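Q: I have a structure here, written as structure tokens, and I will follow up with some questions on it.
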């Protein structure tokens, strides 16, 4: 079920009405949210409910053992390893089996062996990358002593299945979510207004912006057998389409995250922010503090720091950065171009870390110039790497990078300057970011004018939205 689909726009008000009007008491409302979450996920394909149930059950049992202080450290560590291992096994089989099988066959062919391989053509379950990471973080946090293991399976199931953020995040930490289950939630007009506003804003990001930017991108980054190769376009068109994709994926994913946060707020639950205007970042490190914040912090806390972080010297720190970002790239998709994308970002982080002292010194003498150069280099670097991320194959990935590095080719098919519209949308969105976060409150304008403006924006988004709801980009990951 997609947030922008007609089915969800019927399902959500019904659940919300039952939650606040028909049910009283914390336990009844928790049960409703769990049932609604099961229906929400099963709407796509009920068979995969067994898979998410397996991940939930194994991590629930593993956490009970991992959190039992009466047991030995070895036994508790083994329980954590079983929970994490089972989650990784499920993720690896459904998402990466064909990728590794194909890669192994190609390696054997280069070594002189047979290149035959068989793919299982496995259907990738929606949201598997998100709910497996969320389940793993629960059992790891229990073993670390950051929270107590839950004795009730239904509570763990709701944590994993909570439908506003189930299929595309943000990834929520158990230590933040379980205390919210224990509260007796009361209707708050202020919180409800915030939830509605966030949901409408996310819908506008998705329906009005992302889905209308997509055709610009698809003119160059086409799919299917009849699509023209990227190298057949001129450099300006390649760069423009790549920048447009940077805008599309931001508005699409930030749109989903914002809708998820708004939907959760309407039930009285808090989900942390996932995007903070990332294209305004002055360095690649700052970009990753602003982009997909829940994944960035997850990779830091559950991968980078356990690998050693920055505690074992400069060289080990750089290796840990590269390893973390390479695996982060692979998390995004089962293809080597995603690994290259992650490694390139890791290299960017490593270089920034190495020269951070010199940048700080320069900033003392020419702060405005250093800020502008930092922003321009970061924006160029991030946009250039969206090319391999969006490309369909290595040839297109190389063509995209060639266009950004050499500003060419000078001849080829052209899409004109239509890509400036997505760039302008990004500039307006990021430029108004601070203003939106402060004055855009119900007290700023008379209520009828305020809500009338939001309603008009939502109506425009609905009018421009296709009749067939388009999946969110991150549903593929």
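Bear in mind that the values in this text are calculations on the coordinates, not laboratory data. What you see is a predicted model; the values in this text were computed from it and never measured. When we count neighbours, we look across all protein chains shown, and the Cβ atoms used for this are built from the backbone with ideal geometry, even at glycine.
Q: Between residue 108 and residue 24, 0.36 nm times their residue separation minus their Cα-Cα distance comes to what?
A: Here the segment from residue 108 to residue 24 would lengthen by 24.0 nm.
Q: How would 259, 78 line up from fewest to most surrounding beta-carbon atoms within 10 angstrom?
A: On the way: 259 27, 78 16.
Sorted ascending by nearby Cβ count, the order is 78, 259.
Q: Could you give the nm distance between label points at residue 314 and residue 369, where each point is 7 Å from its Cα heading toward the beta carbon?
A: Rounded to a tenth, the inter-label distance reads 2.6 nm.
Q: Using a 7 Å offset from Cα along Cα-Cβ at residue 301, what residues in region 266-281 end up with backbone N under 13 Å from the label point?
A: Only 272-273 fall inside the zone, counting backbone N under 13 Å.
Q: Sorted by packing (mean other beta-carbon atoms within 10 Å per residue), highest first, where do 4-13, 165-174, 342-351 land?
A: Peptide ranking by packing, descending: 165-174, 342-351, 4-13.
Q: Something else: What percentages, rounded to whole numbers, describe P(r) for the chain computed over all alpha carbon pairs with 10 Å bin width beginning at zero?
A: Spelled out per bin, shortest first, that is 4, 17, 28, 28, 17, 6, 1, 0.
Q: Okay, moving on. If you stretched the chain out fully between residue 35 and residue 428, how much longer would it get, using 0.36 nm times the residue separation minus the C-alpha to C-alpha distance?
A: Taking 0.36 nm per residue and subtracting the Cα distance, the gain is 137.5 nm.
Q: Suppose only helical runs count, i.e. DSSP H with n ≥ 4. What mean residue ellipticity at 222 nm does that imply for the chain under -39500 (n - 2.57) per run, divided by all residues and rounded to the nearest 500 deg cm²/dmol?
A: Helix contribution divided over all residues of the chain: -21000 deg cm²/dmol.
Q: Another question, if that's okay. By how many nm would the segment from residue 285 to residue 44 lengthen if fully extended, with 0.36 nm per residue of separation less the alpha-carbon distance? Show your work: numbers first, answer last.
A: On the way: separation 241, 0.36 × 241 = 86.76 nm, distance 3.67 nm.
In short, 83.1 nm is gained.
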